[in-house]
Amino acid sequence: MEKIERERYMSILKNFKDQQIIKVITGIRRCGKSTLLELFQEHLKREGIQVNQIISINFEDANYEELQDRKKLYSYLKEKIVKNKKTYIFLDEIQNVPEFEKTVDSLFIDKNVDIYITGSNAYLLSSELATLLTGRYIEIKMLPLSFKEYLSAFKDKTDIAKKYRNYLQFSAFPQAVELYKLNPGNIDLYLDGIYNTILFKDVMQRKGITDKTVLERVTKFLYDNIGSRTSLKSISDNIEGIEKNNSYNTVANYVDALIDSFMIYKVNRYDIKGKELLKTQEKYYGVDIGLRYHILGRNAGRDMGHILENVVYLELLRRGYKVYIGKLKDLEIDFVAQNSKDTIYYQVALTTRDETTLQRELSPLKKINDNYPKYILTMDEDPEADFDGIKKINVIDWLLE
């Protein structure tokens, strides 16, 4: 399979190479974590690192099943560490090793060791690892392909609009791109494998959930309502098969498990004037629109406005922003994107060619009394426009920046 360069993630690994800090790569299954490690190992070899200085273990490979005992793993690694040279250790899907954090902590003490670990569940960092290694690790949050990365997999760069539609419908998982080139008909079967593996291994087994039918109903509800204000009560009210006297706690447990498995992302609301997070009426977005098509079937494409929001939300995460839903009195801003330097406001709309729609999207942005950048992202193929400092730009152009 042709490996797609993941430049954003690779640049982080290169920047932190040889730093006394553990690199933790998290993300949904099959989003490309293992391939990223392979690409980085190839980079190390080109830089002159010898093969014996690289130790790589994938804990989903049956050949390494014996090393799922943390003490055996530690002994194995200590034996292979090269004396007086830097040794690069890659531990893929490390959550399969009970109490792995103790092994990682012991290895970290050796200054000639550079450690890279991956996991498909947020539980990885809610475990003792975070406690043991506070301030000694960075988390690299990985997602399926951006549209720019997706496009890079094709030699033919024409008909961008069609490729964008395919990007949505046929999934942004890296292997789905290769399957699309061979036979798009196989993608649904591939996504079914991902979906069931995540639900069974990362959600049900991890959280001790036994009712798969109800779990699937909760998943389907969240994917059907991406971009809509949603409360746990509204979910429990719409799901059959949950005992009503315990429905809130059950739904909360299921939703938390889906978030931990990176299937679903929860976005909190942020009061722009009061500068505080609000605890109600959050929104949920899916990790991949192709997965939404798989889960919902032919109904998945009926809400293109919220699908566009979902695409923008994921792209903002890729670019390293913390993302919130903005609230300004009774008005709403689709996204407030923040990092250590900037705050940026975004409105997202399929089209604003109708004057009423344009004014509706501009109105909340005009009422924000600060000088941070403000954008309206649309599918309109119009020249970039400026409305008193608020820029309207085509979302495809923005995605390909």
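No lab work stands behind these numbers, since they all come straight from the coordinates. Since this is a predicted model, take the numbers as computed values, not measurements. Note that each Cβ is placed from the backbone with ideal geometry, even for glycine, and that neighbours are counted across all protein chains shown.
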Cα long-axis angle, helix 304-318 against the chain (0 to 90 degrees, to the nearest 10): 40 degrees
Can you tell me which of 19-28, 355-364 comes out highest on packing, and rank the rest after it, using the mean Cβ neighbours within 10 Å? 19-28, 355-364
When DSSP assigns beta bridges and you keep just the ones with both residues in the chain, what percent turn out antiparallel, to the nearest 5? 40 percent
Nearest 10, in degrees from 0 to 90: the angle of helix 7-16 to the longest Cα principal axis of the chain is 50 degrees
Given a Förster distance of 25 Å, the FRET efficiency implied by the Cβ-Cβ spacing of Asp105 and Lys83, rounded to the nearest 0.05, works out to 0.75
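Taking the mean number of other Cβ atoms within 10 Å as a proxy for protection, how do you rank 312-321, 146-155 from highest to lowest?
Result, highest mean Cβ count within 10 Å first: 312-321, 146-155.
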Kindly provide the GluC sites (Glu not before Pro) of the range 21-51 that DSSP labels as loop, not H, G, I, E or B, and whose Cβ sees at most 10 other Cβ atoms within 10 Å. Glu47
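For the chain, what is one quarter of the convex hull surface built on the Cα atoms, given in nm²?
Spelled out: convex hull of the Cα atoms, projected over all directions, averaged, 21.8 nm².
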Within 13 Å, Cβ to Cβ, of Lys201, how many net charges do the neighbouring residues add up to if Lys/Arg are +1 and Asp/Glu are -1? +1
Between 0 and 90 degrees, rounded to the nearest ten: what's the tilt of helix 160-169 against the longest Cα principal axis of the chain? 70 degrees
Quickly rank 282-288, 246-252 as a protection proxy: mean count of other C-beta atoms within 10 Å, highest first. 282-288, 246-252
Part-to-part distance (alpha-carbon centres) for the range 232-309 and the range 33-82, which is given in Å: 37 Å
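Determine the calculated [θ] at 222 nm for the chain from helices alone, applying -39500 (n - 2.57) to every DSSP H run no shorter than 4 residues and normalising by the residue count; nearest 500 deg cm²/dmol.
-12000 deg cm²/dmol, from helical runs alone.
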